[in-house]
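Enquirer: Here it is: the structure, laid out below.
Derivation of every value follows stated rules applied to the coordinates shown; laboratory data play no part. Note that the structure is predicted; figures quoted are calculated from it, not measured. Glycine also receives a Cβ, built like all others from the backbone with ideal geometry; neighbour counts cover every protein chain displayed.
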Amino acid sequence: MEKIAFKMKLKPGFKDEYKKRHDEIWPELAKLLKENGVSDYSIFFDEETDILFAVQKLSSEGLSQNLGSEAIMKKWWDHMADIMDVNPDNSPVVVNLEKVFHLE
């Protein structure tokens with residue numbers, strides 16, 4: 001099991017909408033993530049910077065960062081593109097973060 005972290009940028013003023021959309025996450029998207037080894041997935045929000053900070057556990061086979069070819073993932077990106085910083089394909093701009101400390 002591996003734990004990864006990354007950050008994304010929310011457009012100002014969209015915290016409540018972002019939370020609402022994730023509270024209503026599509027079952028088929030949640031299933032896709034779980035089937036690809038994603039578990040214990042949390043996203044946190046920094047009010048001062050509009051930065052989203054995500055942490056997820058991946059099984060050894062997990063490839064969550066490589067799901068961009070899946071139709072449901074592309075549809076989710078399109079759904080979220082109006083409230084986040086995105087790339088030309090509407091995938092969120094993601095900055096992977098290096099783990100520098102862990103206490104269990």
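Enquirer: Starting from the amide H of LYS11, placed 1.01 Å from N in the peptide plane, find each other amide H under 5 Å away whose residue is 5 or more places distant or on another chain.
Expert: MET84, ASP85
Enquirer: While we're on this one: Would you compute, from DSSP H runs of 4+ residues alone, the mean residue ellipticity of the chain at 222 nm, taking -39500 (n - 2.57) per run and dividing by the full residue count, rounded to the nearest 500?
Expert: Calculated from helices alone, the mean residue ellipticity at 222 nm is -7500 deg cm²/dmol.
Enquirer: Here is a further query. Answer with one residue from LEU97, PHE45, VAL86: the one whose Cα lies farthest towards the positive end of the charge dipole of segment 2-97, charges on Cβ with Lys, Arg +1 and Asp, Glu -1.
Expert: Of LEU97, PHE45, VAL86, it is LEU97.
Enquirer: What length, rounded to one decimal in nm, is gained on full extension from VAL94 through to HIS22, with 0.36 nm per residue of separation minus their alpha-carbon distance? Don't jump to the answer; show the numbers that get you there.
Expert: Numbers: separation 72, 0.36 × 72 = 25.92 nm, distance 1.73 nm.
Here the segment from VAL94 to HIS22 would lengthen by 24.2 nm.
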